Structures are given as structure tokens and as C-alpha cells.
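The values are calculated or read from the model by the stated rules, or taken from the named source; none is laboratory data. Computed from a predicted model, the values in this text were never measured in an experiment. Using ideal geometry, Cβ is built from the backbone for each residue, glycine included, and neighbour counts are taken over all protein chains shown. Note: accessible area is taken over every heavy atom of the protein model, side chains too, but ligands, DNA and RNA are not part of it. Shrake-Rupley method; radii C 1.70, N 1.55, O 1.52, S 1.80 Å.
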Amino acid sequence: MEKYGIGQPVRRKEDVRFLTGKGVYIDDISRPNLVHAVILRSPHAHAKILKIDSSEAQTMPGVLAIVTGQDWEREDFAPIPTRSAVKTKISGAPLNQPPRHCLAIERARYVGEPVALIVAESSAQAQDAAESIEVDYEELEPVTDQVKALEPGAPQIWDDIEGNICLDFELGDKQATDKAFAAADHVVSLELRNNRVTAVPIETRGAIAEYDAASDSYLLHNATQNVHANRATFADVLKISPDKLHHVAPDVGGGFGAKNSGYPEPPLLLYAAKKLGRPVKWIADRNESFQGDTHGRDQASKVELALDSEGKFLALRTSTIGNLGAYCFTMGPFTPTAGSARTQGGPYDIPAMFYSAIAAFTNTMPLDPYRGAGRPEASFQIERVVELAARELGIDPVELRARNLMRADTLPRKTPMGLDVDTGDFPQLFERTLKMSDREGYAKRVQESRARGLRRGFAIAPYLECSGGMPKEFAGVTFASDGTITLSVGSQSTGMGHETSLPQILGARLGVDMDKIAYVQGDTDATPLGGGHGGSRGLEMGGSAVMTAANDIIAKARHIAAHMLNSTPDDISFANGAFTDVKTDQNIAMEDVIAASFEQGRLPSDMEPGCLDTGVTYERELITCPNGCHAAEVEVDPETGSINVERYWVVDDFGTIINPLLAEGQVMGGIAQGLGQALMENIVYDEESGQLVTGSLMDYALPRADSMPNMQLAFFEDAPTAKNPLGVKGAGEAGCCGAPPAIVNAVLDALKGDGVTHIEMPLTPEKVWRAIAGGKLSP
Amino acid sequence: MYEFQYHRPNSLEDAAKLFDAAGDPQYLAGGQTLIPVMKQRLAMPSDLIDIGRIGDLHGITADKNALTIGAMTTHAQVASCDKVRESIPALASLANHIGDPAVRNRGTLGGSIANNDPAADYPAALVALGASVQTTSREIAAEAFFTGLFETALEEGEMIVKVTFPVTDCAGYEKFPNPASRYATVGVFVARTKERVRVAVTGAGLSVFRAGDIEAALETDFSPDALDGISISADGLNSDLHASAEYRANLIIVLARRAAAKANAA
Ligand SMILES: Cc1cc2nc3c(=O)[nH]c(=O)nc-3n(C[C@H](O)[C@H](O)[C@H](O)COP(=O)(O)OP(=O)(O)OC[C@H]3O[C@@H](n4cnc5c(N)ncnc54)[C@H](O)[C@@H]3O)c2cc1C
């Protein structure tokens, strides 16, 4: 039993299935009579659709249906709704939400926007037909950059939205901040970009839609992170009741946010399935994944830090222009506004803060939350400006940070951004990270690097972020008389290991063998509600719901145990899987109580067989605050500009650690994505044509195993949160909050002798080489 | 992918017959370039003639003057073959850094040079080592073989059978991988035989080319320091998302110096 307890490094149960090719992803599923869909996408960033001629395509072999924007409009389906938590402009007026239909009607506004759906007996036939559809476009001038989109005279993407502005936003005390700036001894200011990236899940998106005429209901298998929210979205679009749509996510091969959104393809497939009376499958290829999966980050910001003569932080002022792409998509407007505002200032004690933002439309694929959704942006902003401040004031960056961290004895507190920071010890984590990173040996390592012609740099980056996502979660537990237990949870794993960690919690709490617990997720029939995956909420919400369900079961089982031991519930204690009568010391195992729960004769008169089955909804009041500290040592090759992240250390405070193996995996994966954003990942649109330049893995660079340093990880578990019954804070997105600033600042530290103070991400070899070579080169 | 006919002949004669009889045929070797291109519907051959079963295209032989490698030899076979590692270790090492294990286990020498991707690694080795390409109809010197962007001297239906590399004193290859594709942003192969030094550059131009100034400097003094003060003009060099012409010009010198150091150490 102990080996499966909370805190034990239980190996992932799902891995045997995944590693032996037994996972069941969308494309592994087939159906009798299955037909195949492809999406014809706009090759232009901005163009009027004058005419679509599909007459030849209609007659081609195997072709069953072709649906254009005009056909879609005739059906009178609703646009796909936006679910952004931020809904209004500063003025209080609603944000500008242009209609996002599943197919472009009259005008295409980004490369890859769906223009027609083609269904045929085979995917190849559908592709053949798609190629022979003639679309008459009138090209319009595009704008892909959010700063340019706001300039006077910029191409207007929406006729009725002036200036390409979706909304403006502000948070914090402007007056207090301005006052602090006016009185400050030093003001350090930096303009920077958070580059646009995309998730590149190993499994591209895909779905199979079915329609049953007898019950007038739909079944959708979909590579999604969020079955419940998207069921509501798709039902809204099709104008059906959500209970007519059964939405199932089988094994999902990675999401990172990009499978969270209400995409246009599933409603199109559901429509086609009903129209044809046959199951319809669509699988995105990698090019479609780059063009048609939501992108993340893409913020242009100005960050200003006010300090006193001692280097004490007085105020922080950040203004951001966020790129939304052509539409609001699902939660797009949230990220550059509230999503980026909440954790401004990180773990530092900054008395006054003000954050303002404008979210702009451009002719690009829309943006939606990507691992971290605003918190990595905020973390990068503060850490970069602090590093620059240290440089400008001539203070050691380690020392400047140490001087300004929030002290443990000042917690709990609310930051000027309204974030409830309850528990933690930032200075202690900072010290531990420094200790791990062998500062004594650093000077020698610098010498060794120099001897090899390389520059070495170090940076430390404490971070403070927060959880998010839907504030409710459901857990259901059913018991079968053969001893098996089924746990159904509305949070969802897309590879993170919930199939292990959630049964681990239930098993540990009940004292039953977790191998007997079957795990169900990603099915709107299995749980009445579910928040899916996102905002590092898996354990915080799903785990807390499981814990609540377990406590519920124990309370009921206590009654049964009391009855069986001829005692009263108040005299029964529960520990290590056994109920004990504190008076007589007689005890009975949970497993025996479960067995008894199926026999009326062994139950108290007010209980019935099957009475242990439980379904609970856990609701959070306050989001949690994962925090920690990263440190990186890098080597830079001045001749080529190449960067090698050589050493890496992290101490994280995720509250209680349920399974360190899984938590470490989250940190490493987050660092990989953070390193990717810092050094190589970049979605590039051609400014003139609006074409997607990085539309394949030949051009979009991803980190690989050999890009990664050896990472030394540790957890600080002395400050669990009381915001949830598990004491967990969330682990999923922390890695990409800490890694970009740690790595970028370490590179800039390596280049301080070259007078380099800033390089925009990604720090590609050429950019670094140019920064070093500086004036020696023509621009 | 569009529809096509698949054939798998056992001899060069049968392959030639199939080729002549088909409308728009293509030879298929490891398929690591051709299949992705077909999947993207950028190529639509009527017939694929799989040459993998043709015995004449396989095998590696070595004597003290030359190393001969069959066209169907995979990158993994070249990388792990003792004969290659003993006679021209730089060539084995080059093959070991092409793509990833899956690509190396399928992709072939013949396919790589027939394709002549401007960022491919092998062309630099063939040109620097002064290799000759044996085809079904003739023998072509490497420098005459690579004629331009994705262009070679191969005639319609002409097949590469094997490549012969004269054994050198020493050689070294240095590659700066494209961060996304890991093809060569620039790759420089330096080889020294008796009095001659040959330096071939891939990735930087439309097709592989020899770097005369670097060769001359290394011929005077075969050491990395000999390249101090030499610069390469960026004119006509490739420029793309990942590397400008100017940056590539810098890389050529940096990599040539490192390749020369490797050759000296070999
Ligand atoms: C992910 C990935 C990474 C890669 N990375 C690199 C890299 O780092 N460096 C590098 O150099 N390459 C790289 N490649 C390309 C790889 O080396 C391919 O193997 C090579 O380009 C083609 O060889 P093939 O045997 O697969 O040829 P195929 O794809 O089968 O054929 C390619 C072309 O050559 C023709 N052809 C094949 N054999 C012959 C022959 N004997 N005679 C005449 N014509 C012939 C075919 O008709 C076709 O037109 C990479 C490929 C992939 C998919």
C-alpha cells in the first residue's frame, strides 16, 4: 500500500499502453461506412471571396459533399462564441467580437482560414476534389503585426471595427504608480517582444463525427482538451441542445492549450455527418497544424521599473499590445489582458503596479492560451527589466533580486494586481537555487569556457505564477461487487499522467490498491461537468475533487464500519485503510467495508447496497500561486552565435507533491517549451504577403533532446496552500514561466563584455552573432 | 499523395525497361525525400520504381587507393562501416550526422546526391574528396555531377550505381545545422591529398561549390590559423529565415577553420 501513497514516485500506468503502441488516438478509430473530410483553406492572408466554383469537384469520383461559406450561411448556424473571462473594454462597453463562422463567408482573413469542406469516400478523393475547386479571390492588403495594425492607415480587417482594436484593458493603481515613478531615483525601461509560438502537439488535431437519426443525436470523438466546454460551444453553433451531443476525447497526444479552443472543424463534421448519414473523419496534417492550430504569446510590451537609490523596487508599469489574430477565438482576448496582468511583478515586493493593454486584430491565425497564457509573458517582462536595472545601476543581479523578494513573514498578502499570495518562501527558494548552482565553481567554469573560445553566463530567475481554468470540477466513484472501482473525473490528461496521479490519490486516501481503480476521463457521459485541461488545474481541481469524493466515501463507510463493529460512527477512526473502534481497538479494513456495502444484511437500515457510490463537485474559491526559482548557465560561441544551455537548476514550490516523478516531468517539459521559445521557436508571417513562413517542421525549429541541459530539480514542500484540500498549487506551466528569462538573461550575462543589453527572442545564432559583432557589420 | 504504380525490379535491366515503359516514372531509393514530397502532393509520378532490391547498387568495397559505396547504401551503413571509418573517417562521421536515426536507416547515398538538395551533406564530401559517380551509362566526376539547384548531370532514366572516393591523407567535415530541419545551413568539407587541398561548401549556395581562397591558403599552410584574415563575399550566397548571406559567409570561414582542425587531428 505504501508504495502507492501520496508523495510516492509511482510510474505512469498509461505508459505501458502508450509505449507499446496500444494508445487509441483519433486516427486509430474507425467506423463502418466511414467517409473522409478535408478542409480547403485560404491561401491568402486577406482576400475577398468573389466566387467559389465547385461544379467540377462535385462530379469527381467518391465526392459526397462540398460545403462553402455561402452554403453554411444559408443553414443559418451561429458564429463560434468567445468565452473570454474579460468581456469589456475600459469604458465598460463590450469588447469587439467579430463573427467567427466555421467557414469564411465573403472574406478570408488569415492564411489557413477554412473556406470549404469536402467530404468523399476516401481522403485522397477529397483532396483531389479540393484541388479542383476554383475560388476567385480578390486580394486585399494584409497586416500581420499588432503594432502596425494599430497605426493610422493600416488595412482594416473588420469593416465595423475601427482601428483593428478588440479591446483595451487596465489593472492596478495608475495614480500611485505614476507618483512613484515621478519620485524614483532610477527608472529603467525596456521594450520587448514575447515571440509568437505554437504548440506542435505530436498528435495533430482530428475528429470523427457521427449522427444517429433515430435519437436525433450526435457522437463526436475529438482530439480535444476540453469535452464539456467544447460541447457547449459546438451545440451553440449548430443550435442544438448540448445533451444531443456526446463528446468524447480518446487518448490525446499533447495539447498545451492548442486543443482547448472551439475550432471550426468539429461543427462542420457534425453537420456533414447528419447530412450524409455516415460517420465523417478529419485528421489535420502537419501543415494544417501550423496554419490552423491556435498560436500563443505574441505581445509587444514596454516595461518600466522604478527604483530608489538603494535599488529597492518602487513601482512597475507595463503596457502591452497583444496580437489576437483575425478573430477573438475562444479565450484570445483574455491572455494579453487579465491573463498577463495578474502575475505582473512576479515574487517581488513592489508597492505600486499598473498594467495596460490593447488587443489588436491582424491577418494571422488567432491566438489562444498556450501553456501559461500570460504568466510566462509577465515573468519574462519583470525578469528582463530587473536584469537590465542591475546592469544600469551597477548592482549584482543576484543581489538586486534578493533585496526585493517578498519575505515569507509578509504572507499572506494581496499583490497590487489583486493576486492572493497565501504561502511560500521566495527568499528561501532563491537561496536554495543559488546553493545548488555551485556558485563557488563558477569562476573556474568561466575560465574553462574561455579557454575553449566560449563565453559563459549565469542567471537566476525566480517566478510567481497562478493556476487558472474552470473553477469547478467533478469526480465520481463507483464500486462494483467484484472489487473494481471506477473513478471518473472531468479534468483531462493529454499526456500528463492523470490516469496515475488521480487513482493514486483515491487509492492512498481510501487505502485500497490503486491498480484496482479504473480511470475514466474526457467523456461528457461520464461526468456531468468537467473543466478539462488548462491553467495547471489537473491536480488542483481534478485532484481536489477526487480528495473530496474520497472523504465523502470515508464518511459513508464509517457508518457501515460502525454498524459492523457494533459501535457508533463517532468512535470510529480511519487510518491506513482500516476503521478502528477507538474504544475496543477492533478494526475492519476498508476493502471489507466495500464488500459489505453490496449486502443489505450487513448495512445499517438507512443504507442501501451500492451506497458508497459518490459524485461530488469541487469548487475553488481562490486560484493558487505556484512559484519557484530557475537558474541557468549557458555557453555562447561568439564565432557562430550558438548557445548551449549547459547547466540548469530549479527549486519549485508546487505545494504538496503527489507524485514527484510526474511533477518533475511537468517541469522538464515546461523548460523544454520555455527553452524553445527563448532560443528557436518562432511563428513568422511575411509582412507583405501575410504568408506563414514557418509552416512546417523544416522551418519552425523545436528543441530536441540534445538541446536540453541536464536539469537538477528540487521541490520545496514546506508551504502547502490551504486553498484546496490537497495543498497543491499546480505544476503544469511553471517550467515555461521560469525558463525563458533564466536562459535569455544568462546569455546576456555571457555577452555583457560585448556591451549587449538586449536581444529579442528567439535568440537565434545569427541574432546573437550580430549582437556580438555589433558595429563591425553592415546592418 | 496521388495514385501511382509501384514496381520492384531485381536488376538494372528490368529497372531500365520499367522506366522506359512508364509515363512519368521516378526511381525510389530510401524514400526520405521523395515520399514526403509526394505526400505533400508536390510530385505526381505515374510509376515508382523501387531500386532497393537491385544487387548491383549495394555493398561497400575498399582498397588502399579507393573506397567504393553502392548507391543504395544507407547513411547508417556508411556511418557504421569499418571500411569507411578506417579509410575516410570524416565520411562516416558526416553520414552519422544526417537527419535522425529513422532517416539514416532509410536514406541512401544515391538518393541524396541524385536529389542534390542545396543543404545536403554528401555533395560537399563528394566534391572535396574528388569522388566519381558511376552511373548505368558512364562515370561522372563529382564536380561535373552537381550542376545546380536540385540539378545534376543525370540524364532521363540514368541511374547512379556507385560512388568511388579516392582515399585521402586526411579530411574533416564541419556542419552548422539549420535549427529546424538540421540540414546544413552551411557545411564545409576539407580534404588533403598529397599536395592538393580541396574545400567544398554546401548549404551556402544554390549547389555545392569549392572555396578557392580557402584552398589556396590551406595549401600554403594546412592549419586553421592559415585562414586568419580571409573573408568570403556574401554575394550570391543563400539567404533565408534562419541565416542571411552575410552570416553564411562568416560561417564558411569559421567552419573551414574547424574542419581543417579536425582534418589535422585525424
Ligand atoms: C527528417 C529528415 C532529415 C534529413 N536531414 C538531412 C540532413 O541533415 N542532411 C542531408 O544531407 N539530408 C538529410 N535528409 C535527406 C536524406 O538524406 C535523404 O535520404 C536523401 O535526400 C534522399 O535519399 P533517399 O534514399 O531517401 O532517396 P529518395 O527519396 O528515394 O529519392 C530521392 C530522389 O533521388 C532519386 N534517386 C534515388 N536513388 C537514385 C539512384 N540510385 N539513381 C538515380 N536517381 C536516384 C529518386 O528518383 C528521387 O528523385 C533528411 C531527410 C529527412 C526526411
> Among the numbered criteria (1) closer than 16 Å to B:ARG104 by Cα; (2) outside the structural domain of B:ARG192 (by TED's automatic domain parsing), which single criterion is violated by B:LEU91?
Replying inline: (2)
>> With the requirement that a residue be open to solvent by 10 Å² or more (accessible area, probe 1.4 Å), near the ligand (Cβ under 10 Å from one of its atoms) and on the phi < 0 side of the Ramachandran plot, what does region B:164-195 give you?
In response: B:LYS175, B:PRO177, B:ASN178, B:SER181, B:TYR183
>> Out of A:ILE683, A:ILE743, I need the residue that is surrounded by 21 or more Cβ atoms within 10 Å (Cβ to Cβ), within 14 Å of chain B (Cβ to nearest Cβ) and hydrophobic (A, V, I, L, M, F, W, C). Which one?
In response: A:ILE683
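Can you pull out every residue in region A:285-312 that is open to solvent by 20 Å² or more (accessible area, probe 1.4 Å) and either away from chain B (no Cβ under 14 Å) or of a type in the set (Phe, Trp, Tyr) (or both)?
Hits for region A:285-312 are A:LYS302, A:GLU304, A:ASP308, A:SER309, A:GLU310, A:LYS312.
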>> Which pairs turn up if I take residues in region A:172-185 that are among the hydroxyl-bearing types (Ser, Thr, Tyr) and look for partners that are open to solvent by less than 90 Å² (accessible area, probe 1.4 Å) and at pLDDT 95 or above with beta carbon separation below 7 Å, at least 6 apart in sequence or on another chain?
In response: A:THR177/A:ALA315; A:THR177/A:ARG317; A:THR177/A:ALA352; A:THR177/A:MET353; A:THR177/A:PHE354
>> Only one of B:LEU48, B:LEU57, B:LEU18 is closer than 19 Å to B:GLU155 by Cβ and out of contact with any Pro (no Cβ under 7 Å at 6 or more places or on another chain). Can you tell me which?
In response: B:LEU57
>> Please determine whether any residue of region A:10-27 is assigned to a loop (DSSP other than H, G, I, E, B), of a type in the set (D, E, K, R), open to solvent by 70 Å² or more (accessible area, probe 1.4 Å) and under 30 Å from A:PHE716 (Cα atoms).
In response: yes
>> Restricting to region B:53-72, give me the number of residues that are within 16 Å of the ligand (Cβ to nearest atom) and not β-branched (Val, Ile, Thr).
In response: 9
> Using beta carbons and a limit of 6 Å, which pairs, at least six apart or on different chains, have the first residue in region A:692-714 and away from chain B (no Cβ under 11 Å) and part of a strand (DSSP E or B) and the second one open to solvent by less than 20 Å² (accessible area, probe 1.4 Å) and among the hydrophobic types (A, V, I, L, M, F, W, C)?
Replying inline: A:LEU692/A:VAL111; A:GLN712/A:TRP649; A:LEU713/A:VAL650; A:LEU713/A:VAL667; A:ALA714/A:VAL651
> So, of the residues in region B:8-25 that are open to solvent by 80 Å² or more (accessible area, probe 1.4 Å) and within 14 Å of the ligand (Cβ to nearest atom), which turns out to be nearest to the other protein chains (Cβ to nearest Cβ)?
Replying inline: B:ASP24
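Considering region B:90-121 alone, what residues qualify as being of a type in the set (Ser, Thr, Tyr) and near the ligand (Cβ under 6 Å from one of its atoms)? Break it down stepwise before answering.
We begin by selecting, within region B:90-121, every residue of a type in the set (Ser, Thr, Tyr); these are B:93, B:108, B:112.
B:THR108, B:SER112, listed by residue number.
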> Say we look at region B:139-192 and pick out the residues that are farther than 21 Å from B:ALA260 by Cβ and small (Gly, Ala, Ser); which of these is farthest from the other protein chains (Cβ to nearest Cβ)?
Replying inline: B:ALA141
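With the condition kept exactly as written, say whether any residue in region A:168-177 is over 20 Å from A:PRO333 (Cβ atoms) and among the aliphatic types (A, V, I, L, M).
yes
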> Limited to region A:436-495, what total is found for residues that are surrounded by 16 or more Cβ atoms within 10 Å (Cβ to Cβ) and of a type in the set (Gly, Ala, Ser)?
Replying inline: 15
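Given the options A:GLU134, A:GLU170, A:GLU151, A:GLU141, name the one that is more than 34 Å from the chain's Cα centre (by Cα), at pLDDT 95 or above and more than 14 Å from chain B (Cβ to nearest Cβ). Write out each step before concluding.
Values: A:GLU170 fails: more than 34 Å from the chain's Cα centre (by Cα); A:GLU151 fails: more than 34 Å from the chain's Cα centre (by Cα); A:GLU141 fails: more than 34 Å from the chain's Cα centre (by Cα).
Answer to the selection: A:GLU134.
Just to be sure, is B:ASP50 open to solvent by less than 50 Å² (accessible area, probe 1.4 Å) and farther than 18 Å from B:LEU129 by Cβ?
Details: open to solvent by less than 50 Å² (accessible area, probe 1.4 Å): yes; farther than 18 Å from B:LEU129 by Cβ: yes.
For B:ASP50, the condition - open to solvent by less than 50 Å² (accessible area, probe 1.4 Å) and farther than 18 Å from B:LEU129 by Cβ - is met.
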> Which number in (1) within 14 Å of chain A (Cβ to nearest Cβ); (2) of a type outside the set (Val, Ile, Thr); (3) over 18 Å from B:ALA128 (Cα atoms); (4) surrounded by fewer than 23 Cβ atoms within 10 Å (Cβ to Cβ) marks the one condition that B:GLY236 misses?
Replying inline: (1)
